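Asker: Structure below; questions to follow.
The values are calculated or read from the model by the stated rules, or taken from the named source; none is laboratory data. Remember, it's a predicted structure, so these values are computed and weren't measured experimentally. Using ideal geometry, Cβ is built from the backbone for each residue, glycine included, and neighbour counts are taken over all protein chains shown. Please note that ligands, DNA and RNA were not included when accessible areas were found on the heavy atoms of the full protein model with its side chains. Shrake-Rupley method; radii C 1.70, N 1.55, O 1.52, S 1.80 Å.
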Amino acid sequence: MGPVRGVRKRKKADKKPEENASGSGSSEKEGPVDWWDEFSKRINGLQSPAKGLDKFESVFKVSRKTFDYICSLVNEDMLAKSAHFVFTNGKPLCLYDQVAVALRRLSSGESLVTIGDAFGVNHSTVSQVTWRFVEAMEERGLHHLQWPSTETEMSEIKSKFQKIRGFPNCSGVVDTTHIMMCLPASDPTSDAWLDQEKNHSMVLQAIVDPDMRFRDIVTGWPGKMKDWTVFQSSNFYELCDRGERLNGKILDLSKGLDIREYIIGDLGFPLLPYLVTPYEGKELPEPKAEFNKRHYATRMVAHRALAMLKDKWRIIQGVMWRPDKHRLPRIILVCCLLHNIVIDMEDEVQDEMPLSHKHDSAYHQQICGTVDVNGVHLRDKLSLYLSGRMPMPP
């Protein structure tokens, strides 16, 4: 995973969960179904369930199975500290209550006051519980966002990419989106966050696999930074330049023509020996035009992943009201982790969500223009292969 600016290493809590840390108005010994039966009676003012989803799934954007798994991930860290959170009636929040509050905050993007009123807790409790959840997910959930570690896993990814529109040996799609912010006029750093579209924003750059899972992310940089600058500032870029990433099996297309592992991206990225961008221009010869069509169709995986991320975890959709810019990268990271967990759990809720590819509609295409000669050779070989004028690989 790429750097997430603002993340700090924390010492693990030395304290063990206290005997009564889980005690609450909802007994910790009860399963999530029993807990939900009681909890749902207390929440107020939430919208009716979306089509195809029950109330639980509409409120938290995950199934009960996934909710239970998330609780098991954060259980130790969320209950290790001494603070006791309570409802406004004085009853303490159990683990399920705390995860419910945090997931609602992240998935709805509603204000602290709105969620507090709906769930019967003080707005400051919503803030504190959500942040504790973010810290716990950073500690316990990072294994859900990793670059493929085995040849078998990478081979499956490359096979799925080839089935989309024919790109052989493709290992990922890179794309960038902006998390927009409303900053106070008195903020002395506000100009640093003003992007090319005159919005205050923070960048999220992600490399996505064919199942719309995030495999590497970079976030925390101001939105004014160009896509290629963010990429070239990433750990992924450094690893590739050192030959430590995208260094797997080379695919022989025909005698003397082989294809290394690579990722693809739009014109906002440089054409590199391991990053393939489209051909520029409108009146292109047929092989290049066909290449660009296939390239665009394959990139849709990343567009849809980022659109799904923002649609499901709406705290980062729209314009965030005066966020803490040091904490925001960590919130973005956790939203990406939750996005991947939903995919890893094969959560049925994702099947009920509309599939969109619009995640940055207010932004125009950036043009990098940097070209590496080895990248040109790789793109031309791919174009030749996709045109059908080269033998199929064995």
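Asker: At 0.36 nm per residue, minus the direct Cα-Cα distance, what do D380 and K163 gain on full extension? Give it in nm, one decimal, please.
Answerer: The span from D380 to K163 would gain 76.1 nm if fully extended.
Asker: Something else: For R245, enumerate residues with amide H under 5 Å from its amide H, sequence gap 5+ or separate chain, H modeled in the peptide plane.
Answerer: Here C240 satisfy the definition.
Asker: Give me the dipole magnitude in Debye, nearest 20, for region 148-387 about the Cα centre, with unit charges on the beta carbon: positive for Lys and Arg, negative for Asp and Glu.
Answerer: Magnitude of the dipole: close to 300 debye.
Asker: Another question about this same structure. Can you tell me, using C-alpha contacts under 8 Å and at least 6 residues apart, the relative contact order of the chain as a whole percent?
Answerer: Relative CO of the chain lands at 21 percent.
Asker: Could I have the simple spin-label model distance between E283 and Q196, label points 7 Å from Cα toward Cβ, reported in nm to one decimal?
Answerer: Label at E283, label at Q196, 2.6 nm between them.
Asker: For region 52-143, state what percent of all Cα-Cα pairs lands in each successive 5 Å bin, counting from 0 Å until the bin that includes the largest distance.
Answerer: In order of increasing distance, the bins hold 2, 14, 26, 25, 20, 9, 2, 0 percent.
Asker: Report in % the part of the accessible area of region 110-179 that belongs to carbon and sulfur, leaving out ligands and nucleic acids; probe 1.4 Å.
Answerer: 47 percent
Asker: So, one more: For H84 and Y69, calculate 0.36 nm times their separation in residues minus their Cα-Cα distance, and state this gained length in nm to one decimal.
Answerer: Gain in length upon complete extension: 3.1 nm.
Asker: Take the alpha-carbon centre of region 232-279, take the same for region 101-133, and report the distance between them in whole Å.
Answerer: 42 Å
Asker: Given H placed 1.01 Å from N in the peptide plane, which residues other than close sequence neighbours of I259 have an amide H under 5 Å from its amide H?
Answerer: Amide H neighbours of I259, under 5 Å, 5+ apart: L251, D252, L253.
Asker: Shape call for region 85-223 from the C-alpha gyration tensor, a ≥ b ≥ c root eigenvalues: rounded (a/c under 1.5), prolate (a/b greater than b/c) or oblate?
Answerer: Since a/c reaches 1.5 but b/c is at least a/b, the shape of region 85-223 is classed as oblate.
Asker: Please report, as a whole percent, how much of the solvent-accessible surface of region 235-394 comes from carbon and sulfur atoms (probe radius 1.4 Å).
Answerer: Here it works out to 49 percent.
Asker: Note down the nm distance, to one decimal, between modelled labels 7 Å out along Cα→Cβ at S155 and at L239.
Answerer: 2.1 nm
Asker: Considering the chain as a Gaussian network with a 10 Å cut-off on Cα pairs, which listed residue, V208, V101, V371, attains the greatest mean-square fluctuation?
Answerer: Result: V371 has the largest fluctuation of those listed.
Asker: So, one more: Given the rule -39500 (n - 2.57) for each run of at least 4 DSSP H residues, summed and divided by the residues of the chain, what is its mean residue ellipticity at 222 nm, to the nearest 500 deg cm²/dmol?
Answerer: Calculated at 222 nm, the ellipticity per residue is -13000 deg cm²/dmol.
Asker: Right, here's the next one. Under a 1.4 Å probe, what is the accessible area of the chain per residue, stated in Å²?
Answerer: 46 Å²
Asker: Quote the relative contact order of region 117-197 in percent (integer), defining contacts as alpha-carbon pairs under 8 Å separated by 6+ residues.
Answerer: Reported as a whole number, the value is 12 percent.
Asker: Between S127 and K255, how high is the FRET efficiency from 1/(1 + (r/R0)^6) when r is the Cβ-Cβ distance and R₀ = 56 Å? Nearest 0.05.
Answerer: After rounding to 0.05, the efficiency reads 0.35.
Asker: Let me ask you something else. Rounding to the nearest 10 and keeping the result within 0 to 90°, find how far the Cα-based axis of helix 64-80 lies from the longest principal axis of the chain.
Answerer: So the inclination is approximately 70 degrees.
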